Protein chains: 2
Amino acid sequence: MDESKSVEIENFPDSERKAVYRAIYERRDIRHFRTDPIPDDVLARIIQAAHHGPSVGFMQPWDFILIKNPQIREQAKALFERERQAASCFYDEPRRSQYLSLKLEGIMEAPVSVCVTCDYTRADEVLGRNAIPETDVYSTCCAIQNLWLAARCEGIGVGWVSILRPRQLRNILGIPAHVLPVAYLCLGYPTQFYEQPMLASAGWRERQPVDPLIHLDGWSGEPGSGWDNFLDALGNATPSKTEPI
Amino acid sequence: MDESKSVEIENFPDSERKAVYRAIYERRDIRHFRTDPIPDDVLARIIQAAHHGPSVGFMQPWDFILIKNPQIREQAKALFERERQAASCFYDEPRRSQYLSLKLEGIMEAPVSVCVTCDYTRADEVLGRNAIPETDVYSTCCAIQNLWLAARCEGIGVGWVSILRPRQLRNILGIPAHVLPVAYLCLGYPTQFYEQPMLASAGWRERQPVDPLIHLDGWSGEPGSGWDNFLDALGNATPSKTEPI
């Protein structure tokens, strides 16, 4: 390794850092779409961003099923409806009525659906997957987040429909049994990017304060040295308090 | 919804889109670190980026265990060494020697380790998790990718040590039994951001061409209408071929 090249800190200029944080903080789970088509070049850049996600052992276990065909999307929508009714059985009122009143998908309005899958069998003995086999699915999820952030910066909304049962979804899309459908995503131009997550503005659930989620030098007990000012810094690092974010 | 506000396509300006794609394409899994400390404000911004990841039902199932204490990191390193030896048993030569020659972690050099966990029990009946309980882990992985990209734009390298067994890692960090350690990450300034993924430049495994991973309107069979030009667009959307990326 060339040490003379390595002493530079390769952080991004402020304007670029700000853009990355903007994508992170303005990304939303979108359920209200316009039906306008997504240009090929925009969709292509979003899919390539996913393909350049990290993966355990460089396994790249993902496939992308892109769906425009409305007959197929109608089947996914019907599967969603069954699961929505089933899910409502486990809420008491008034939560049940609130649940059923929420718009939770835009399968038919959004012009493209993307099912991102994970193929457990890709590559031989996968480097780094020996202790935790599920790291292939973890990789697939990281790729999905790449897709989500790329979409945001392209002005494309993404809505993750998380209640489609894998067995039934496999049948609808013809997915082989050894391949797991990880995410069914709706992609399209949103009517708007919500200012807050929809479940927060709908009063369903609030954002958690971050402090109780932080554990220093172990889950509990006294932290070692070097942490005196970190929690203060954390409180000042929210998007509303940070410059240039 | 205010329709007059909603007709604008809220995509980012070219310079901001370019910055987001730069983070996506220049992110690397880093194993070669300098020991320089990470400033509190930088680490705080990276953790807040993770906390603003998407989550099923706005569940926010993650916790972050931040570790500077070298005695604790030494225990993680020892656990890594056991698993590395165990993993090598499943390769034949010359793959085994190559595996053992690769530097796969920087636990002791990188000044901070971050264990990101998933608490299955957070929130009551989680909206959207009924069909696929693992969506809480999926959410945690999306948060991790936020962390990874934020770190890249701050000039901080992230290395995911994916072979630490959850049971033993729980013991080392004092993690309760109902909480899953999803990722053990090393964070620090890298000696360099590799131009290519380390496993590619080491000749371990190549990046897959994207075309065979794309399925149109179903896993197999003929696609419906609207896909005539998409595969061409995909071929032109790689970072080296796209402007302004």
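The values are calculated or read from the model by the stated rules, or taken from the named source; none is laboratory data. None of these values were measured; they are calculated from a predicted model. Neighbour counts are summed over all protein chains in view; Cβ atoms, including those assigned to glycine, are modelled from backbone coordinates with ideal geometry. All accessible areas refer to the heavy atoms of the entire protein, side chains included, with ligands and DNA or RNA removed. Shrake-Rupley method; radii C 1.70, N 1.55, O 1.52, S 1.80 Å.
When the residues of the stretch B:205-236 are filtered to those that are more than 7 Å from chain A (Cβ to nearest Cβ) and in a helix (DSSP H, G or I), the one that is least open to solvent (accessible area, probe 1.4 Å) is B:Gly235. Inspect the stretch B:188-198 for any residue being of a type in the set (Ser, Thr, Tyr), more than 8 Å from chain A (Cβ to nearest Cβ), open to solvent by less than 10 Å² (accessible area, probe 1.4 Å) and touching a residue at least 60 places away in the same chain (Cβ under 8 Å) and give the result as yes or no. So far as the stretch B:188-198 goes, no, none of its residues is of a type in the set (Ser, Thr, Tyr), more than 8 Å from chain A (Cβ to nearest Cβ), open to solvent by less than 10 Å² (accessible area, probe 1.4 Å) and touching a residue at least 60 places away in the same chain (Cβ under 8 Å). Considered as a group, the residues in the stretch B:7-20 that are buried (at least 16 other Cβ atoms within 10 Å of the Cβ) and facing chain A (nearest Cβ under 7 Å) include one that is modelled with the lowest pLDDT, and that residue is B:Glu10.
Taking each residue of the stretch A:220-235 that is in contact (Cβ under 8 Å) with a residue 12 or more places away in the chain and closer than 14 Å to B:Pro37 by Cα and looking for partners that are among the charged types (D, E, K, R) and surrounded by 14 or more Cβ atoms within 10 Å (Cβ to Cβ) with beta-carbon atoms closer than 6 Å, six or more apart or interchain, yields A:Phe230/B:Asp40. You will find that of B:Leu180, B:Leu213, B:Leu187, the residue that is under 21 Å from A:Pro111 (Cα atoms) and under 23 Å from the mean Cα position of the chain (by Cα) is B:Leu213 and no other. Applying the set (1) on the phi < 0 side of the Ramachandran plot; (2) in contact (Cβ under 8 Å) with a residue 24 or more places away in the chain to A:Gly57 leaves exactly one unmet item: (1). When B:Val161, B:Val137, B:Val56, B:Val126 are checked against the criterion of being buried (at least 24 other Cβ atoms within 10 Å of the Cβ) and within 24 Å of A:Glu26 (Cα to Cα), a single residue qualifies: B:Val56.
Provide a single number: the residues in the stretch A:32-47 that are over 12 Å from A:Ile156 (Cα atoms) and either basic (Lys, Arg) or touching a Phe, Trp or Tyr at 6+ places or on another chain (Cβ under 9 Å) (or both). Write out each step before concluding.
The first filter runs over the stretch A:32-47 and keeps only residues over 12 Å from A:Ile156 (Cα atoms), leaving A:40-41, A:44, A:47.
Filter once more, keeping what is either basic (Lys, Arg) or touching a Phe, Trp or Tyr at 6+ places or on another chain (Cβ under 9 Å) (or both): A:40, A:44, A:47.
Qualifying residue count, the stretch A:32-47: 3.
When B:Lys103 is tested against (1) more than 9 Å from chain A (Cβ to nearest Cβ); (2) buried (at least 24 other Cβ atoms within 10 Å of the Cβ); (3) of a type in the set (Lys, Arg), just one condition goes unmet, and that condition is (2). Here A:Glu154 meets the list (1) within 7 Å of chain B (Cβ to nearest Cβ); (2) within 22 Å of B:Ser162 (Cα to Cα) almost entirely, failing just condition (2). Counting the residues of the stretch B:60-85 that are facing chain A (nearest Cβ under 7 Å) and on the phi < 0 side of the Ramachandran plot gives 10.
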